[in-house]
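Note sheet for the following structure.
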Amino acid sequence: MAKSTMGTRLPRKLEEKLQTVGEQIKLARLRRNLSVAQVAERATCSPLTVSRVEKGTPTVAMGIYLRVLYALQLEDDILLVAQQDELGRRLQDLSLINRKRASKKI
């Protein structure tokens with residue numbers, strides 16, 4: 001019996017971003033003149049899985065992405081995710097602002 005993939009549909013914006021990541025990984029592989037099979041061997045996964053990564057298939061596990069990045073010597077790129085958290089920093093700054101009052105003059 002085939003595994004059900006219902007509920008794996010992402011919002012369009014996220015699908016587009018995942019496809020962009022896949023395209024970037026594919027370009028990195030091509031720049032290195034590596035075949036899908038070579039990357040799959042280095043990442044210890046199947047060529048079909050590497051193809052799914054390059055297509056941005058949403059059901060591919062994060063660990064597989066990391067293994068493919070490692071095979072391409074790009075594993076440190078994962079550290080860039082959420083590095084520049086502007087919204088989080090603004091929210092944190094708002095909670096740190098103390099109200100200042102004028103001093104009481106007697």
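The values are calculated or read from the model by the stated rules, or taken from the named source; none is laboratory data. Just so you know, these numbers come straight off a predicted model, no measurement behind them. Glycine also receives a Cβ, built like all others from the backbone with ideal geometry; neighbour counts cover every protein chain displayed. Quick note on the areas: whole protein, heavy atoms, side chains included, nothing else; ligands and nucleic acids left out. Shrake-Rupley method; radii C 1.70, N 1.55, O 1.52, S 1.80 Å.
Computed values, structure above
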quantity	calculated
Eligible aspartates and glutamates near K13 by straight Cα distance, threshold 16 Å, same-chain separation 8 or greater	E23
Point-charge dipole on Cβ atoms (K/R +1, D/E -1) for the stretch 22-106, about Cα centre, debye to 20	760
Carbon + sulfur, % of accessible area of the chain - ligands and nucleic acids excluded, 1.4 Å	54
Area of I25 that stays accessible when all protein chains are in place (1.4 Å probe, Å², to 10)	10
Listed residues V53, V36 arranged by accessible area, highest first, probe 1.4 Å	V36, V53
